[in-house]
């Protein structure tokens, strides 16, 4: 199963994360398929997340499952709402 999850980078007490697409069997900081964004929790709220929206939508359409934390990040960024609206339009 393919997952969209966080990969920890940075140093002690100053962590940053990369949002990556990886196989669920790979370790947290191990091999990944593609890097699709960054999450920096120590920055201001407006500067915390940088995401390649096109690639996130592509991977979600391919069946990738986001972890709970990534799901929260994507919903706050408005990407999941956008994806749901696109699916509604296609059905209609």
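The values are calculated or read from the model by the stated rules, or taken from the named source; none is laboratory data. Keep in mind the model is a prediction, meaning the values are calculated, not measured. Backbone-built Cβ (ideal geometry, glycine too); neighbour counts: all protein chains shown.
Could you please find all residues in the range 57-92 being over 11 Å from the mean Cα position of the chain (by Cα) and touching a residue at least 40 places away in the same chain (Cβ under 8 Å)? Of everything in the range 57-92, those that are over 11 Å from the mean Cα position of the chain (by Cα) and touching a residue at least 40 places away in the same chain (Cβ under 8 Å) turn out to be 62, 63. Do the conditions hold for residue 49, that is, is it closer than 23 Å to residue 14 by Cβ, at pLDDT 90 or above and surrounded by 17 or more Cβ atoms within 10 Å (Cβ to Cβ)? So residue 49 passes the test. Residue check: is residue 41 touching a strand residue (DSSP E or B) at 6+ places or on another chain (Cβ under 8 Å), modelled with pLDDT under 95 and either exposed (fewer than 15 other Cβ atoms within 10 Å of the Cβ) or closer than 18 Å to residue 62 by Cβ (or both)? Against the criterion (touching a strand residue (DSSP E or B) at 6+ places or on another chain (Cβ under 8 Å), modelled with pLDDT under 95 and either exposed (fewer than 15 other Cβ atoms within 10 Å of the Cβ) or closer than 18 Å to residue 62 by Cβ (or both)), residue 41 qualifies.
The set of residues in the range 44-61 being out of contact with any strand residue (DSSP E or B) (no Cβ under 7 Å at 6 or more places or on another chain) and under 18 Å from residue 2 (Cα atoms) consists of 53, 54, 57, 58, 60, 61. Taken over the range 3-30, the residue count meeting the criterion of being loosely packed, with under 15 Cβ neighbours inside 10 Å and either in contact with a strand residue (DSSP E or B) (Cβ under 7 Å, 6 or more places away or on another chain) or at pLDDT 95 or above (or both) is 8.
Checked against (1) surrounded by 12 or more Cβ atoms within 10 Å (Cβ to Cβ); (2) over 12 Å from residue 3 (Cβ atoms), residue 64 meets all criteria but (2).
In the range 25-35 there is at least one residue matching the filter, namely being in a strand (DSSP E or B) and either at positive phi or free of Cβ contacts under 8 Å to residues at least 40 places away in the same chain (or both).
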